[in-house]
Structure formats: structure tokens, C-alpha cells
Amino acid sequence: MFLPSAVAVVLDRTDRRALPIQIADHLRADIRSGKAAVGLRLPSSRKLAAELEVARGVVERAYEQLIAEGWLVAVHGSGTFVAEAPSPVVTPTTTPKKTADKMSPRVQLRPGVPWTPPRASAAWRRAWRDVGSKPPPFEDPDPAGDYELRSALSELLARARGMSVEPERILITSGATHGLGLALSALRTRGAVLAMEDPGYRYASSAATACGWSLLDVPVDAHGLCVDQLETASESVRGVYVTPSHQYPTGGLLPVGRRNQLIEFARARDVVLFEDDYDSEFRYDVAPLPALAQLAPDRVVYLGTVAKTLGAGIRLGWLVAPLDLVDRIAVHRKRIGDFPSVPLQQALLSLLRDGEWDRAVRTARRRYRERDRAVEEALSSFGELRGLGAGMHTTLMLDADLAATVAREALLQGVEVPTLVESTRTHGDPGGLVIGYGRVESADLEYALEVIAECLARHSA
């Protein structure tokens with residue numbers, strides 16, 4: 001005996017409640033009213049999902065919730081049945097906080113949030129034990145950063161990016177955006193304009209305007225920054241900010257031809273290139289292309305960070321620049337009392353020296369490669385996927401209205417997925433979903449992709 005039509009679930013897509021909550025609320029009310037009698041066998045999650053035109057995981061979450069509350073009982077090999085009413089009675093308005101949290105939107109496909117291997121936590125603790133064995137620093141540190149750490153980063157850049165960089169050309173920062181702000185402050189001139197990718201990284205644009213620079217938004221395509229658009233740019237353009245390894249957020253990989261074109265433009269116009277080497281640690285199809293800083297060390301400020309390996313909350317990064325600019329930045333930094341943390345630098349040095357950094361990157365790279373393929377398998381039939389083969393996110397290009405609709409409907413099913421409009425400034429919304437898969441659990445990613453695919457299929461029919 002299956003769930004009768006008299007207690008059929010009706011979903012309201014305009015309801016702000018997540019779909020699993022709506023299903024659970026309908027079934028709970030029918031059980032309490034007697035419409036669904038004790039012992040009634042409910043449809044399988046697959047069957048009810050098909051009837052409601054939702055992902056199977058949506059129904060499974062509703063069933064799991066009611067089983068946890070005691071309204072339903074699952075019998076292995078037989079199905080899911082209405083149980084005796086639980087005591088005390090739990091109504092939607094008296095749901096314990098843990099239950100409410102479980103049913104609220106909980107899968108966040110945020111780009112740029114890394115997964116760290118379990119062993120990295122143990123390595124991090126060991127690093128801090130090393131730090132704790134040293135006396136506390138009583139004097140202001142070198143504004144350019146600890147020389148031993150700069151030497152270790154020089155070795156890392158040579159090993160990971162093929163860059164030949166003297167430690168003196170490295171300056172320790174609190175992250176890539178902080179490094180950009182330091183360099184822009186040191187280079188600022190009256191009326192200076194910074195060209196930036198659009199859509200692009202909002203924190204970078206905010207840092208530029210905070211430093212007194214005006215912005216020129218330059219469009220991007222499937223390969224990244226449209227360098228041709230710079231040829232007619234104003235003579236006031238004194239810098240170009242670019243993410244050539246994995247354009248944020250569309251995922252384009254700037255080809256060698258465009259890299260050379262950009263360098264030629266910079267040299268001809270006396271422009272500084274700010275290279276945010278976003279996601280360069282994670283490539284799965286081909287080896288990383290040469291960094292701009294490797295091709296033109298005299299023209300490039302290279303920005304690196306631990307945010308995509310150890311986490312943004314650590315607040316540690318580095319920049320590489322011509323020696324005279326590093327000296328200018330260090331002088332400016334000392335003048336405003338902005339010094340890098342000594343304990344943080346010592347902890348990172350410990351991780352680099354014992355090889356934990358490299359091991360963490362290798363382990364994460366394998367995990368991201370699998371997720372990159374999972375996104376491709378689930379969504380490639382619905383549109384152009386940009387950024388495959390690299391990084392921690394892939395962007396599905398869609399009509400802007402469709403992207404907004406899918407994001408809205410996915411949120412009702414507990415999946416939060418950003419759209420490109422959130423990173424766009426002046427060139428209009430190109431339309432797309434940004435599928436971040438770094439710190440999401442595998443089961444949650446599978447569910448999220450199923451929800452997104454189901455929404456897309458419904459609107460493509």
C-alpha cells in the first residue's frame with residue numbers, strides 16, 4: 001500500500017523554505033491528521049522524486065528527517081513506513097535547533113575555498129610547536145619579511161613555477177590582495193588607471209580604488225583577458241591586473257600568444273603587470289604555462305598566497321617584484337607600521353622545510369582532479385564549461401536569466417551556487433554558474449550537481 005493521492009505532496013517553488021523541508025512538513029502534517037495511517041508504506045524516494053520533479057536526494061533528506069524525528073521507520077529491503085506517533089510530538093514550530101540546521105541550505109559551492117588533507121592538521125600543529133620553542137619577538141620584524149622564509153619561497157617558486165627569483169626580490173604579505181595594495185600604494189601617481197578583468201576579482205578592484213587608483217574594466221573571453229582591448233586604452237593606464245593561470249571567475253587560461261602580447265603592451269607603454277597567480281598549483285590536463293613574471297621579471301609584480309592551499313584565514317602571502325620596487329614597498333610599509341607576523345612566517349617556513357607544503361598540494365590536486373571530472377560529467381551537456389582541468393572551480397556559461405533561475409531554485413533545495421553577475425562590474429552579466437568544489441564533501445557535491453542538473457533539465461525541456 002503506497003501513499004494515497006489524498007495526501008499527495010504539493011511543492012511551492014516560490015516558498016523560501018528548502019524543498020526537503022516542504023516535503024517533510026507535508027508528510028508530518030498528514031501523519032498527525034491521520035491521512036497517512038500507521039503502517040502505511042511510502043513511495044520510494046526515486047518514485048516520489050520523479051512525481052515531484054525534484055532530485056532524488058531532496059526526497060531522501062525529507063525521509064531521513066522524519067525518520068530521525070520518529071514519524072517514519074525504514075525497514076531494510078521493504079521500504080519506508082509511517083511509524084507510531086513520536087512522543088513528545090515534534091511540530092515544525094518546535095523543531096530543535098540541530099534539526100533546523102540540518103534542513104537549512106548547507107551545500108555551498110563557493111570558489112576559492114580549499115580542502116586541506118587530514119595530515120595537514122597534524123603538520124600545522126607540529127609547525128606551531130616549532131614556533132613555540134622559540135622566544136617571542138620583541139622588536140619589529142624586517143618589513144620585507146624573514147630572510148629564511150624568503151629563501152624557502154625562492155626555492156618553492158623555482159620548483160613549482162620554474163621561476164628564478166632571488167630572495168631579495170620577495171616580500172612577505174598578508175595575502176595576494178594585501179600585496180596588490182602595497183604595490184599599488186608604492187606606485188601610485190596622480191590620475192593613475194588600473195586595467196582589470198571584467199568579470200573579475202572584486203577584492204582586487206576594491207583594493208585598487210582604496211589606494212587611489214581609477215579602474216578600467218576590460219572584458220574577458222574563454223581564454224581570459226582580451227588583450228586587444230588594451231591597445232586603445234587611455235595613456236593614463238599605468239597597470240594591468242590579471243589572473244592568467246585560471247581567470248577568476250570564468251576559468252580561462254591565458255595563451256602564450258596573449259601573454260607575449262600583454263608583455264609587449266606593458267613595455268611599450270611603461271605599464272606594470274600585476275600577476276595574481278590564482279590556482280597555479282592545481283592543473284590536471286597540462287603543465288602550467290610560464291608565469292608572466294618568468295617571461296618579463298622587469299615588468300611584473302607577482303602575487304602569491306597560502307589561501308588556496310592552507311586557507312584564507314591564515315593571512316599570509318608574498319609578492320615578487322623588481323628589487324627597487326621591493327625596497328620602496330618595504331620603506332612604505334615601515335613608515336605605516338605594517339609588519340608581517342613573525343610567528344606565522346616561522347610556521348610557514350617549518351611547513352616548507354619538512355615538505356608538508358608539497359605533500360598537501362599533491363594530495364589536494366588528486367582530489368580536485370576527480371571533482372573536476374565529476375562536474376564535467378554532470379553538467380557538460382547543458383552548456384560550455386570553462387576552467388576545466390585546473391583550480392577549484394568550473395564555470396558553466398549560461399543565459400543570464402537561466403543562471404539566475406537555476407541558482408534561485410537550487411537554493412530552495414539547499415544548494416548555494418554563485419553566478420557570474422556577482423563578479424561583474426561594467427560589461428553586463430555574461431551569464432553563468434560558478435561551481436566551486438574545493439571544501440565540499442564528496443556526497444554533498446554529488447547532491448548539488450544532481451540538483452543543478454535537474455533544474456537545468458527542467459528548463460531545457
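The values are calculated or read from the model by the stated rules, or taken from the named source; none is laboratory data. What you see is a predicted model; the values in this text were computed from it and never measured. Counting neighbours? That spans all protein chains shown, and the Cβs are built from the backbone with ideal geometry, glycine included. Side chains included, ligands, DNA and RNA excluded: accessible areas come from the protein's heavy atoms. Shrake-Rupley method; radii C 1.70, N 1.55, O 1.52, S 1.80 Å.
Summary of computed values
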| quantity | calculated |
| --- | --- |
| Theoretical ellipticity at 222 nm over the chain - DSSP helices of four or more residues, -39500 (n - 2.57) apiece, nearest 500 | -13500 deg cm²/dmol |
| Centre separation in Å (Cα based) which lies between segment 177-198 and segment 284-303 | 19 Å |
| Kirkwood Rh (inverse of mean 1/r, distinct Cα pairs), the chain, angstrom | 24.6 Å |
| Interchain or long-range residues, amide H under 5 Å from VAL272's placed H | GLY239, VAL240 |
| Sulfur and carbon atoms: percent of accessible area, the chain [1.4 Å] | 52 percent |
| Within segment 438-461, backbone nitrogen closer than 15 Å to the virtual label 7 Å beyond the Cα of ARG367 toward Cβ | 438-446 |
| Accessible area expressed per residue, segment 165-306, with surrounding protein chains retained (probe 1.4 Å, Å²) | 34 Å² |
| Loop chymotrypsin sites (Phe, Trp or Tyr not before Pro), segment 121-229, which have at most 12 other Cβ atoms in a 10 Å radius of their Cβ (DSSP) | PHE138 |
| Peptides ranked, highest mean first, by Cβ atoms within 10 Å: ranges 382-390, 228-236, 248-256 | 248-256, 382-390, 228-236 |
| Nonlocal Lys pairs with alpha-carbon distance under 29 Å, the chain (8 or more apart, or different chains) | 10 |
| Stretch gain in nm, segment ARG106-SER442, where the contour uses 0.36 nm per residue and the Cα spacing is subtracted | 119.6 nm |
| Where GluC sites (Glu not before Pro) fall in DSSP loop in segment 245-337, at most 16 other Cβ within 10 Å | none |
| q = 0.13 Å⁻¹: log10 I(q)/I(0) that the Debye formula gives for segment 293-391, counting C-alpha atoms only | -0.72 |
| Fraction of beta bridges assigned by DSSP in segment 190-234 that are antiparallel (%, nearest 5) | 25 percent |
| Cα-based convex hull volume of segment 180-268 per residue, rounded to whole Å³ | 87 Å³ |
